[in-house]
Amino acid sequence: EKGGHDYFMLKEIEEQPAGVAETLMGHFDKGRIVLDEQRLADQELRDFDKVFVVACGSSYHAGLLAKYAIEHWTRLPVEVELASEFRYRDPVLDRSTLVVAISQSGETADTLEAVRHAKEQKARVLAICNTNGAQIPRESDAVVYTRTGPEIGVASTKAFLAQITANYLVGLALAQARGTKYPDEVAREFGELEAMPELVERVLETAPQVREIARRFADASTVLFLGRHVGYPVALEGALKLKELAYMHAEGFAAGELKHGPIALIEEGLPVIVVMPSPKGRAVLHSKLLSNIREIQARGARTIVIAEEGDDTVRPFADHLIEIPAAPTLFQPLLSTVPLQIFAAEVAQTRGYDIDKPRNLAKSVTVE
Ligand code: M6R
């Protein structure tokens, strides 16, 4: 049942290409994006004037990524909030607000309460969920199911990638309804998404190299993660994986924030994992991150860099280089997250921990 692995998590990491593919399946029909249980009229989709995304943990990190895509494609303002904070601060919600609730289990109490609060305020709710018929989708106005099969490992892996994919479907559905993307543009983005599972498969081939690097750092007391733009939520997710599995102090930063404080942490030998944007994307992002790596390396950090294949500019600054295939900027997190999952799992296993059942954690958190 663990597919020849010692742990479900390792099997679930390998199931990610299929999970992304399944999540896309059937959502593009007769030239249009279609959602699952859509109880929202087209008119409503067209008339939303803002979007809130609410979620916890890894699902929240997926939500942070939704913001980049939805704002870019639809020009709707998007706020992303931890579900546990959302309803305690009187968010501004009404009939023309779309709340996207992301939950693998569909039973997370914090997210469920955020959904209920949104509905009381007359907002419309769209759930992204991995569990058919769970409470959150039952109470929502529309659903996109992440069809990646049950996730057993407490650390979210395949559900995270599938959630990112589902976010993009929601973004494209909104863009289509609002007319901010032409039908051929929506079709092209969908086509590029459909090409992602094969690229995720290729990233999985880096596993032996990533494991080897992870074993070298298994004794570290802290690991920092840096990213910019969509690489920032990836950095947060990489740090969360390492905390929950390896019980190691880890923190993700927006690379631009380094000089506003965290750079004081950099010392000789400190491992820093950097998620590089594509050199073919926004040049300014790439060059800014390059100078961040230069800065930390000059202060003695050990840099582990995830970069696009053929990006030779990073080589001088990377003590360890993990190469991932080229992908459109918005979709790169589907690739760059995978080595971070493998890294955390390997550090935890080297330390002798059960990666399916980390201490103090439950798969589904049904209390607030
Ligand atoms: O089932 P949910 O997606 O609502 O769960 C949210 C978080 O509890 C979950 O993502 C948690 O952070 C994972 N253990 C992360 O790996």
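The values are calculated or read from the model by the stated rules, or taken from the named source; none is laboratory data. Just so you know, these numbers come straight off a predicted model, no measurement behind them. All Cβ positions, glycine included, derive from the backbone under ideal geometry; neighbour counts span all protein chains shown. Quick note on the areas: whole protein, heavy atoms, side chains included, nothing else; ligands and nucleic acids left out. Shrake-Rupley method; radii C 1.70, N 1.55, O 1.52, S 1.80 Å.
Structure above, values below:
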| item | result |
| --- | --- |
| Residues whose placed amide H lies under 5 Å from that of Ala301, excluding near-sequence neighbours | Gly269 |
| Calculated P(r) tail over 33 Å for the chain, as whole % of Cα pairs | 26 |
| Cα-based reach from Lys122 at 26 Å (exclusive), listing lysines while leaving out same-chain residues under 8 positions away | Lys50, Lys67 |
| Whole-percent carbon and sulfur share, accessible surface of region 112-218, 1.4 Å | 45 |
| Those aspartates and glutamates that a straight Cα-Cα span of less than 13 Å connects to Lys280, excepting residues fewer than 8 apart in one chain | Glu308, Glu309, Asp311, Asp312 |
| Estimated dipole of region 290-368 in Debye, rounded to 20 [Cβ of Lys and Arg +1, of Asp and Glu -1, Cα centre] | 380 |
| Test item: Cα-centred dipole of the chain, Lys/Arg +1 and Asp/Glu -1 on Cβ, debye | 540 |
| Mean-position separation - Cα centroids, region 244-291 and region 95-113, in angstrom | 30 |
| Degrees between helix 158-178 axis and first principal axis of the chain (Cα, 0 to 90, nearest 10) | 40 |
| Derived scalar couplings ³J(HN,Hα) [region 287-299; Karplus, 6.51 cos²θ - 1.76 cosθ + 1.60; whole Hz; x for Gly, Pro] | 5, 5, 5, 4, 6, 4, 5, 4, 4, 6, 5, 4, 9 |
| Selection from Tyr182, Val223, Thr206, by position along the positive dipole direction of region 168-250 (Cβ) | Val223 |
| Residues of the chain: accessible area per residue with a 1.4 Å probe, Å² | 40 |
| The chain: most fluctuating residue of Leu126, Leu174, Leu265 per GNM, C-alpha cutoff 10 Å | Leu265 |
| Directionally averaged shadow of region 284-328, computed from the convex hull of its alpha-carbon atoms, nm² | 3.1 |
| Unit Cα scatterers, Debye sum, region 1-105: log10 I(q)/I(0) for q = 0.11, 0.14, 0.17 Å⁻¹ | -0.47, -0.73, -0.99 |
| Label zone at Ala109 (point 7 Å along Cα-to-Cβ), backbone N below 11 Å, region 341-367 | 365-367 |
| R0 of 22 Å, Cβ-Cβ distance Ile263-Ala218: FRET efficiency to nearest 0.05 | 0.35 |
| Around Asp356: net Lys/Arg minus Asp/Glu count, Cβ-Cβ under 11 Å | 0 |
| Percent of Cα-Cα distances greater than 20 Å, calculated over region 180-258 | 54 |
| Asp354 paired with Arg32, simple spin-label distance in nm, labels 7 Å along Cα-to-beta-carbon | 5.0 |
| Dipole magnitude (debye, nearest 20) for region 197-287, charges at Cβ of Lys, Arg, Asp, Glu | 240 |
| Solution diffusion estimate, µm²/s, Stokes-Einstein, region 169-315, Kirkwood Rh from C-alpha pairs, 4 °C, viscosity 1.567 mPa s | 76 |
| 13 Å tail of the calculated P(r), region 1-62, as % of Cα pairs | 78 |
| Among Ala214, Ala127, Ala166, residue whose mean-square fluctuation peaks in a GNM of the chain (springs only between Cα atoms under 10 Å) | Ala214 |
| Descending Cα extents along the principal axes, region 228-323, whole Å | 36, 25, 24 |
| For Val100, distant residues with modelled amide H under 5 Å away | Phe52, Val53, Val54, Leu126 |
| Solvent-accessible area, 1.4 Å probe, carbon plus sulfur percent, for region 243-349 | 52 |
